[in-house]
Amino acid sequence: MELPFSDPDAPPALPEGMFLRPGVVDFLGQQRLQAALETVLRAVPPARIRTKGGGLTAAAMTNCGVVGWWGDAKGYRYISASPQTGLPWPPIPDEFIKLIQGVTSESPWPDFAPDACLINAYAAGAKMGLHQDRDEKDFSQPIITVSLGDAADFLIGGFARGDKTQALKLRSGDVLLMGGASRMRFHGVRKIYPGTSPLDEISGRYSLTFRKAL
Ligand SMILES: O=C(O)CCC(=O)C(=O)O
C-alpha cells in the first residue's frame with residue numbers, strides 16, 4: 001500500500017517496501033515517547049558496542065524487549081539480558097507499542113508484533129555505516145524506526161554495500177517502515193543536524209528501531 005508523502009522535502013518516491021510517515025507523532029506524542037524512553041535509558045544506559053572490525057559503534061546503543069541486539073567478541077546477535085546489568089532488558093513501553101500498532105494497522109504488516117527495540121543514541125557527529133539488518137529470524141517482518149530529537153540524513157542503499165544511496169531526512173516524530181522488497185537494503189545514517197531537536201529534553205538523536213527478532 002502506498003502511503004502519502006506530506007513532507008515536501010521527502011523524496012517523491014521511496015523504493016518498494018519502504019514507507020515514510022512524516023510527523024506521525026505530534027509534539028505531545030513525542031514528549032510521551034521521550035518520557036517512556038527515559039525510563040528505559042535509566043534502567044539500561046546506552047553504550048557503544050564493539051564492531052566486527054574491533055572498534056566501537058559511533059552511536060551508543062541499548063534495548064528494550066524480550067531480546068536486544070548486541071555485539072561483542074562473540075559477534076552480533078540478540079540476547080535476553082543486558083550485559084551491563086545482567087538483568088533482562090526492560091519491556092517495550094506501552095507508549096511505544098501503541099504507536100507501532102497505530103502505524104502498522106495501515107501498512108502491509110498489520111500483525112507486526114515487535115519483540116525487540118534497539119535504541120540508538122547519536123550525539124552530534126555520530127553516524128552509522130551502511131549495513132543490513134540480518135540477525136533476525138524472519139525477514140518477512142519489517143524494521144520500523146521512530147526518530148526522536150535532532151534531524152538526521154538516513155541513507156537508503158541497494159542490496160550490495162557499494163550500491164548507490166539515496167538520502168532521506170528524518171525528523172523527530174517521523175516513522176520509517178522498511179520491509180518486503182526493501183527489507184534487506186543496506187542503510188545507515190550519514191549526518192545528524194545538531195540543535196534541531198524540538199524536544200528540550202533531547203539533544204542529539206534517538207532512533208527506536210522495532211524488530212521481530214525471534
Ligand atoms: O538510526 C537510524 O535511523 C537507523 C538505525 C539502524 O539502521 C539500525 O539500528 O540498524
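The values are calculated or read from the model by the stated rules, or taken from the named source; none is laboratory data. This one's a predicted model, so the numbers in the text were calculated from it and none came from an experiment. A quick note on method: Cβ atoms are made from the backbone with ideal geometry, for glycine too, and the neighbour counts reach across all protein chains shown. The protein model used for the area step is the full one, side chains on, heavy atoms only, and it has no ligands, DNA or RNA in it. Shrake-Rupley method; radii C 1.70, N 1.55, O 1.52, S 1.80 Å.
What's the percent breakdown of Cα-Cα distances in segment 23-99 across 10 Å bins, shortest bin first?
18, 44, 28, 10, 0
Whenever you get a sec, line up ARG32, ARG171 from highest to lowest accessible area (probe 1.4 Å, protein heavy atoms).
ARG32, ARG171
In terms of modelled amide H atoms, which long-range or inter-chain residues lie less than 5 Å from the amide H of ASP150?
SER197, GLY204, ARG205, TYR206
Give the carbon-plus-sulfur fraction of the accessible surface of segment 1-158 in %, rounded to a whole number; probe 1.4 Å, heavy atoms of protein chains only.
Looking at segment 1-158 in its full context, I get 55 percent from C and S.
I'd like the Karplus ³J(HN,Hα) series for segment 75-89: coefficients 6.51, -1.76, 1.60, θ = phi - 60°, whole numbers in Hz, and an x wherever there's a Gly or Pro.
x, 8, 5, 9, 10, 8, 10, 6, x, 6, 9, x, 9, x, 4
Assuming a ≥ b ≥ c are the square roots of the Cα gyration tensor eigenvalues, decide whether segment 35-162 counts as rounded (a/c under 1.5), prolate (otherwise, with a/b larger than b/c) or oblate.
Taking the square roots of the gyration eigenvalues as a ≥ b ≥ c, segment 35-162 is rounded.
Quick one: check the C-alpha center-to-center distance for segment 55-99 versus segment 177-213, whole angstrom.
Using only Cα atoms to place each centre, the spacing works out to 16 Å.
Using a 1.4 angstrom probe on the protein heavy atoms only, line up HIS187, HIS131 by accessible area, largest first.
I get HIS131, HIS187, largest accessible area first.
Heads up, I need the accessible area for ILE97: 1.4 angstrom probe, whole protein in place, Å², nearest 10.
50
Compare the Cα positions of VAL175, ALA126, PRO194 along the charge dipole of segment 18-211 (+1 at Cβ of Lys, Arg; -1 at Cβ of Asp, Glu; about the Cα centre) and return the one farthest towards the positive end.
Comparing the listed Cα positions along the dipole, ALA126 ranks first.
Distance cut-off 29 Å, Cα to Cα: go down the list LYS127/LYS164; LYS52/LYS164; LYS74/LYS212; LYS74/LYS98; LYS127/LYS212 and report the pairs above it.
Violating the 29 Å limit, Cα to Cα: LYS74/LYS98.
In square angstrom, rounded to the nearest 10, how much accessible surface does ASP26 have for a 1.4 Å probe?
90
Suppose R0 equals 35 Å; then what is the FRET efficiency for TYR193 and ASP72 from their Cβ-Cβ distance, rounded to the nearest 0.05?
It comes out at approximately 0.65.
Given the Cα atoms of segment 99-170, and with Rh set as the inverse mean 1/r over their pairs in the Kirkwood sense, what is Rg to Rh to two decimals?
When Rh is taken as the Kirkwood radius, the ratio is 0.96.
Can you sort GLU95, GLU16, GLU106 by 1.4 Å-probe accessible area, starting with the largest?
Correct descending sequence by accessible area is GLU16, GLU106, GLU95.
According to the square roots a ≥ b ≥ c of the eigenvalues of the Cα gyration tensor, what is the shape class of the chain, taking rounded for a/c under 1.5, prolate for a/b larger than b/c otherwise, and oblate for the remainder?
Rounded.
For segment 67-72, what does the Karplus curve 6.51 cos²θ - 1.76 cosθ + 1.60, with θ = phi - 60°, yield as ³J(HN,Hα) per residue in whole Hz, taken in order and with x for Gly and Pro?
Each residue's phi maps through the Karplus curve to give 9, x, 7, 8, x, 7 Hz.
If you place +1 on the Cβ of every Lys and Arg, -1 on the Cβ of every Asp and Glu, and leave all else neutral, what size is the dipole of segment 18-211 about its Cα centre, to the nearest 20 Debye?
Taking the Cα centre of segment 18-211 as origin, the dipole is about 780 debye.
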